[in-house]
Structures are given as C-alpha cells and as structure tokens.
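No lab work stands behind these numbers, since they all come straight from the coordinates. Just so it is clear, the structure is predicted and the values come from calculations on it, not from any experiment. A quick note on method: Cβ atoms are made from the backbone with ideal geometry, for glycine too, and the neighbour counts reach across all protein chains shown.
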C-alpha cells in the first residue's frame, strides 16, 4: 500500500481505492508446507497489519517462534489448535488483505482432518486457488487431492507455489522436475490454466519481491500472479442471463419488483426473458435501484427488476434470457460431497437448496464414489463424511438450473437434513436425466436376502449357452430335477418358452437376439431377487450379451456353462428338427447355419457333449455348484 | 464491466439481507448507532428499495451512550422513518448496574448481553442482523455469516453450518434464532471507503473536536455527563480528540487527533495503524474473551 500517497494526497488515494476489484482465492496445503507463513507474509508485506498486531507478532515470535530472531508469520494465523481442542468446528478461516488495485479475500482451510468438506466450502466462492507444496517433497498425493477438489469445484486458475526453494539451493533443475510432474497430473485432470512459482515464504523470495536467488525464473511473483488473474464474476457476465428470484418486492399495489443477485449474463430494460420453470415469456421493464434506475444489471450485482406483464413469479423461480433459457428438470446426475457424520443413504429424502429454490430431493442410486487420491471409481451404497460420489437425484418438483460447469450459482446445491435442518451435503448438478433409465428405484421393505433366507438357500443363475440342439434344455431339466429333489426352490427359464410369451414380438435378427438376451437376463435377475435358483437355457449367441446378463449379478452369482457340441454334430443329431427345416429354407437366421455363435472364452464350466450324456453333464454342473459352495 | 470491491461487498450484503427477509418469520436489525450501523442502514435501504426495510431496528440501550449518539439516533429515526425499538434492561437499572461500580464486564453482561436476550425474547425475533466483521479479531476469522443460537441464545459451536456459494441455509426450529452478519467480509477500511463513497452520515464523535476528557489508566475518557466520577479536585481537560469506535462513553477510549473530515479520518487510520478494537476497554478485561462472550450470547 502506498503510504506515501496516503500522506501526500488522501483524496487521490481514496479515489483509487474505491475503484479496486475483488479477488477471492483459496489456499491449499498443510502447515508443514509453510502455508501459514506464506499467508502471514502476504498480510505483512501488503501492510495489512496494524502496529499493535505487529508488536504482538514480534513478542510472540520471540516467545514461541521457530525462526530465531526473525518474525514467525505463522503465528499471525494461530489459534486453530486451541479451537480444535475446544471442539469448535473449524471449517474455513477468512483473511483479508489489499493492494492498490485489488482487495483479496483468502479462504484458508486447515490441511488435515475434514479437508474435503473444508476445501469444498472454501473453494465454492474462490476465483483462483493457491496450492502449496514443499520443493523437497514435490508433487504428493495431497497435492493431487487438492488439485482435484479445486478442479471439481470449477476453479479455472491455479497457482502452485513451490515453497522452501531455499532448502533445495534454489535449484532450477528441481523446480523444472516438479513442473513436469505437476504438468502431467494437470493434463490428466484437464486443468488448463496453472502456473508454478518457485518461492520461499520464509525469506520472501518471489512472494511480493522478485527473488535475486533465482534469476533463472522469468515468471510472475505470487503477488504479480494474484494481481492479474481473471476474476470469475467478469467472465460470468458473458454467460446467458439468469436471475434466481430471491424476494418479491411489493410495497404497494402499483409496484411489483423481483429482487435477486444476477447469477449470469446481463439484463437491460426491453430484454425478452422467460420465467422458469413455468416458461412464460415477458419483457424486462425497469432495473430498479436506490440511486435511480440502471441501464443494465450484470452478473454479481444484486438487482430488482420489473416485468412488462402481470405474470406469476415467486421466490425460487429463475428469470432467464428468452433466447437462452435454463434447462428445467426434475432428475439429475450430480456429484455430491458429503459433510455430515450420518451417512448419505440412497432412498432418503433431503431438502435441496438450488438457486433460491428449496425442494425435496431423493438420492436414487449412488453410481459410485471417488477415491480422491487415485480418482478411482468405487461401488457404493452410501456416502460417509468427506466422501464424494456421483449419484442420481430426483426432486419433488422441476427446477430451472444450469450444469455446474457452466454456472456455479445455478448449478451448485446444498442438501439439508429435514429433521435437524443442518447442511449435510453440497453438490454440483450435472446433466438432466429425462429418460426411463431414471425411473427411480423403488426401495422395498423385504429384500432378496430376506426372501432367500426364508428358503434357506443362496440365489444364483446357471446360464447354459450353446448351439440349438446341443442339449441345453435337456441338461437344464436334469439339473432342475436333481435340485428339486434336494429341496431347492428353482425355476427353469428356457429360451424356447420365453419366445412363446415374453419375447414373442421378437424375431431372430441380431438386434432382436440381443433384446431377447437382455430380457432373459432381467427375468433371471428378478427370479434371483425372489430368492430362487435360476436355470437359464438360452442359445445366447453373443459374448457381449452374455456379459450384459452377467453384469446384472454380483460376482459369483452368475455361472456360465458352455454346452459344447460342434455344429456338425448338432445338425446331425438335430433333436429339435430345426436344422432340417433350415435345410429346406423353412428357418432363417438359425445359429450355426446362417447366424453366428460366439463360444464363451472362459466359461465357468464347459460340458463336452461329444463325450457326456445328459445325466453326466448334470453331474458335472452339480459338482461345480458344490465346489463353489453355492448349495451350502 | 468490472464491479469494484465495494460494489461486490455491497451486493453480497444485500443478498444476505434479502435472504433473511425471505425466510425468517420475524427479523430485526440491531442498531448500535455506530458507523457500522450507519452502513447497515444504508444497505438495508438499498436491498428493499423502493420498499422501506421490512423489519424494525432495535437499539439495546445501556443508558450510558454518548449524548451525541442519542441525538443521532433520534435524527436517523426521523429522517428514515425507522420503526425503532429501544430496549433497556430495567432490572439492571434497578440493581444500579453501571460501568464504574460494576466494572465493564458485569456492566456489559447485564446491560448489553442480557438486555439483548430480553429484547429478542420479548418481541419473538427469530433473526437478528449484526454489523460484526471477520477482520475485527483473530477468532472471528472463521465465524459464519449465519450463526445459529439455541432457544436459550447460546451459540453452539458444534451446530454451525458450512456456507457454500451463496446458498445460505437459514432453516431453524421454532424458538431457535439466527444472528446474521452481512458485513462479515468487510474490513475497517472497506467500511470507511463505503461511507466516503456513499456519503453516509455518521455520529460527529468520529470527527476530531475539542472535548472534555480525563485520563483513566492511560486512556482518554470523555466526560459526557455528570455521572462521570471525578477525583477530588480533578478538572476535565479540553483536548482535540475523536473516537474510532463508539459504545458506552465510560468504556470508549478517545484518541488525540486533528482529523475533522472523512478523508482525514481515513488518512489517520491508515497511517496510525493500530487496530480499531484497541479503543474498546472491554477487550482488555479478559484475554481471548470474545469466544467466551459469543458462547454466552454477546453479539
């Protein structure tokens, strides 16, 4: 800050400072990376500390500091440890400093516990992120984790401060190595704009002042970076116009205004707009303000609009550009960050706050959760504290929204527990789901385990595949008789029978065969849900379709048995008479004749029907089932 | 078009105020007469324009404010047509609580903290706006914008909610209340710059003038009325002083100053570089006491 100007011409100083812009950024890193020292130095060097605070810092540095005679900037930010002991929830601490051109709001998140929840909270309002790493350690799992969360929250600009350069002799080689490491990872993540800056927070190198110890570095200092990085709100002015209506202003019968903060784009009197989700179009009348009407309102401004027509508008509606309206949907794919001790459970209903709307929201299937360190997708039925998952959400009513990647204000949401009123999760809306794939799964009181338990058995599927006439149905019959005699609850699904009923609308084209196979798999799945042992005998000629059927079941629940009889022998034996018909042109698309059969590459069991008779084949299958403990 | 930092801070505060009005049943704005309250009043006028602010203003009066403050309060209420409520803890008055004999801690506790709880209960307010800022003290840096209180007005540290984007969750059960701080992200300099830009009226005590003061433990205390106990033979001195924060006059330290215009006040603040809270006698009584006061319900 220019103290010289303050003394000489306070009016000029005031005029300049009233025109400053505002940048919000988040710092990521642990105390060990020197984060507190770095923030402390930014505050100190931008002269945001008062004399009494500096005096306290000097005293504390002598008493508690780790830097000998030097100031220990980390002490400016202390207190978190004490608070943790007191059991106070610390999520994000906000610090402020200012230069002649910008005011900065720093979201400082404690590094260790609760990092996901805290970082997501801090990142949600940040224009850019400052990720710290220790030059000696390079890119660690923690760095990747921080970068991923920053990327997830839609922060487009990332500065990586490679700190403690003094401890690696200000080595360019070391810095370039880290730059390569990080570049590879950023590419994998899809992070386009990142800048690595070699610094020593302790000594101040490349923080505000350019370092004399690293003449090889030609990039910006940390402060130069912060002074020039793009501010999100400016970018959002070019987005389509969005105004989530926050409050309807109705002081008298002759004024009705719609108040809210512009979430995207710009608005001016005369603009055509549409009120969503209802979809009524109208024209903007005035942009009303205390100082007098405005020519326009832009993203980030809190405005009040009047509309030309008397149409129904209430809190929660979105006024949007008529030529670029926000999509409206009731079902979404969304990424959820869970923030409560009590886990997120599928099928439970929460309240979702999105824009200015609050609606009931039910989480349908959790598609997967993410390992934040490896970015691996893991199957999950619940999300625990600090876990991130991709889920389907169904709302109690349709809402206007934008995918989060396009607009953070109309695409971000929080989930609220209906009983405690606590904020239990935060999320990012993805695409709207409109198709039948999203008929929400009905949660059932009695589940498959319960049904199977009553029958004292484990449900599973024996899937017999092979050419027509190979002996599938015969083996299936023999097998079912044995199981039945043993007191097992079974059902036999035979391809021929299915085609007389459920699939009688299908022909024998490849597409219809695939569909028949899909139906067979789904029916088998329902039957196992009923607790039954399913014996399925289907030609099922295509590998991919059999794999689709397999994917409906848990590991070990789907036993693929290849009833193997070479085509010549099948034709020769022709137990079904189909091959004879095919010879005379009575059947087309017969597998093994003019339609292909893809034999399994790794079946659970292969029955060589050139050697085995039907009973022996059934014996083999039973032996396998015992071997796998499926009948215990 | 780049919005300036003041425009963005203003938009954020307005957004917060509208949000509370949309969801709370019975909101109130705490009005302390100080410069932060002046800014809050202006923001409230802007947020709901052309409607008047759709809530009353509450002054918790300890009966020990400066005379200039009472005059200013009267003027503001008249000029802005405020629905102004004044609450005094009459029980405290009857007990003779005062800053001199009771000490600043007891006085503040009874006449301010207790009085505030009484008023909130009396009127059944479920949301109260306050002008506190995160830059005021180290422990406030992590304070939420929406702060939840139990039916007993206790701040439950484990029951505070993460705040993401602009999605505030103000839901609360009947009996519970929220304190809301629209100026959370403002600094002292921002407040002054905004007052300057918007030409917002403030109490004259912020400007330097000749005032009668006495020295109390190295702090200049103004003799604002005849309740100020003087040592035998002690005569108040006339000094050119002003106040950086205003509260109960016996608890507000004056600084010697020549700054009699807004630019000069800001200039002096920037050059003097001591933090605002230094003038608040209350902070010295108990170290790290803010956290404790907050748990008890101090604003």
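Just counting partner chain Cβ atoms within 10 Å, what average do the residues of peptide A:125-133 show around their Cβ?
Working: counts 6, 0, 0, 0, 0, 0, 0, 0, 0.
Partner Cβ neighbours, averaged per residue: 1.
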Query raised in the report: Roughly how many nanometres apart are two label points built 7 Å out from the Cα toward the Cβ at residue B:225 and residue A:172?
Result: 7.4 nm
Query - Residues of region A:614-632 with amide N under 20 Å of a point placed 7 Å along Cα→Cβ from residue A:573 - result: A:614-624
Report summary line: Exposure proxy check on B:206, A:597: fewest-to-most Cβ neighbours within 10 Å is A:597, B:206
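Of A:318, A:372, A:160, how do they rank once you tally other Cβ atoms within 10 Å and put the fewest first?
Numbers: A:318 30, A:372 21, A:160 25.
With the sparsest Cβ surroundings first, the list reads A:372, A:160, A:318.
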Query - Relative contact order of region A:328-438, defined on C-alpha pairs under 8 angstrom at six or more residues apart (%) - result: 38 percent
Report task. Give me the distance in nm between label points sitting 7 Å out from Cα along the Cα-to-Cβ direction at residue A:418 and residue A:432, one decimal. Result -> 2.4 nm
**Report entry** Angle in degrees between helix A:614-627 and the longest Cα principal axis of chain A, rounded to the nearest 10
**Finding:** 30 degrees
Query raised in the report: For helix B:188-198, what angle does its Cα long axis make with the longest principal axis of chain B, in degrees from 0 to 90 and rounded to 10?
Result: 80 degrees
Report summary line: Here region A:328-438 gives, from Cα atoms, an Rg and Dmax in Å of 12.8, 36
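Just subtract the alpha-carbon distance of residue A:608 and residue A:216 from 0.36 nm times their residue separation and send over the number in nm, one decimal.
On the way: separation 392, 0.36 × 392 = 141.12 nm, distance 7.28 nm.
This chain segment gains 133.8 nm when fully extended.
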Report summary line: For residue A:484, placing the label point 7 angstrom along Cα-to-beta-carbon and taking region A:504-529, residues whose amide nitrogen sits under 20 Å are A:524, A:527-528
Query - Bins of 20 Å, starting at 0 and running to the largest distance - Cα pair percent for the protein assembly as shown - result: 12, 36, 28, 15, 7, 2, 0
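If you take every DSSP beta bridge whose two residues both sit in region A:148-298, what share of them, in percent to the nearest 5, is antiparallel? Write down the numbers at each step before the final one.
Details: 12 of 19 bridges.
Percentage antiparallel, nearest 5: 65.
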Query raised in the report: At a Förster distance of 41 Å, what's the computed FRET efficiency of residue B:26 paired with residue A:280, Cβ-Cβ distance as r, to 0.05?
Result: 0.80
Report task. Using only the alpha carbons, work out the radius of gyration and Dmax of chain B in angstrom. Result -> 19.0, 64
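How crowded by other chains is A:526-534, given as the mean number of beta carbons from other chains within 10 Å of each beta carbon? Kindly include the intermediate steps, with their values, before the conclusion.
On the way: counts 0, 0, 0, 0, 0, 0, 0, 0, 0.
Taking the mean over all residues of the peptide, I get 0.
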Requested in this report: For an R0 of 30 angstrom, estimate the FRET efficiency from the Cβ-Cβ distance between residue A:180 and residue A:397 and round to the nearest 0.05.
Outcome: 0.05
Query - Least to most buried among A:423, A:283 (fewest other Cβ within 10 Å first) - result: A:283, A:423
**Report entry** Folded to 0 to 90 degrees: helix A:141-152 orientation relative to chain A principal axis, Cα
**Finding:** 90 degrees
Requested in this report: Pull out the extension gain between residue A:310 and residue A:595, defined as 0.36 nm times the separation in residues minus the alpha carbon to alpha carbon distance; nm, one decimal.
Outcome: 96.0 nm
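Can you give the relative contact order of chain A as a percent, counting alpha carbon pairs under 8 Å and 6+ residues apart?
Numbers: 1238 pairs, mean separation 52.2, N = 632.
Relative contact order, chain A: 8 percent.
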Report task. Place the peptides A:478-489, B:30-41 in order of packing, highest mean first, counting for every residue the other Cβ atoms within 10 Å and averaging per peptide. Result -> B:30-41, A:478-489
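Could you tell me the calculated FRET efficiency between residue A:253 and residue A:508, based on Cβ-Cβ distance and R0 = 51 angstrom, to the nearest 0.05? It would help to have the intermediate numbers written out before the result.
Values: r = 72 Å, r/R0 = 1.41.
Working from the Cβ atoms, E equals 0.10.
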Report task. Report the residue, chosen from B:110, B:93, B:223, that carries the largest GNM mean-square fluctuation when chain B is represented by alpha-carbon nodes joined by springs under 10 Å. Result -> B:93
**Report entry** residue A:5 paired with residue A:342, simple spin-label distance in nm, labels 7 Å along Cα-to-beta-carbon
**Finding:** 5.4 nm
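Indicate, rounded to the nearest 5 percent, the antiparallel portion of the DSSP beta bridges found entirely in the protein assembly as shown. The partial results should precede the final answer.
Details: 95 of 152 bridges.
Taking every DSSP beta bridge with both residues in the protein assembly as shown, the antiparallel ones total about 60 percent.
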Query - For B:5-16, mean number of other protein chain Cβ atoms within 10 Å - result: 6
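Tell me the relative contact order for region B:204-282 as a rounded percent, counting alpha carbon contacts under 8 Å between residues six or more apart.
On the way: 122 pairs, mean separation 26.5, N = 79.
Averaging sequence separation for qualifying contacts and normalising by length gives 33 percent for region B:204-282.
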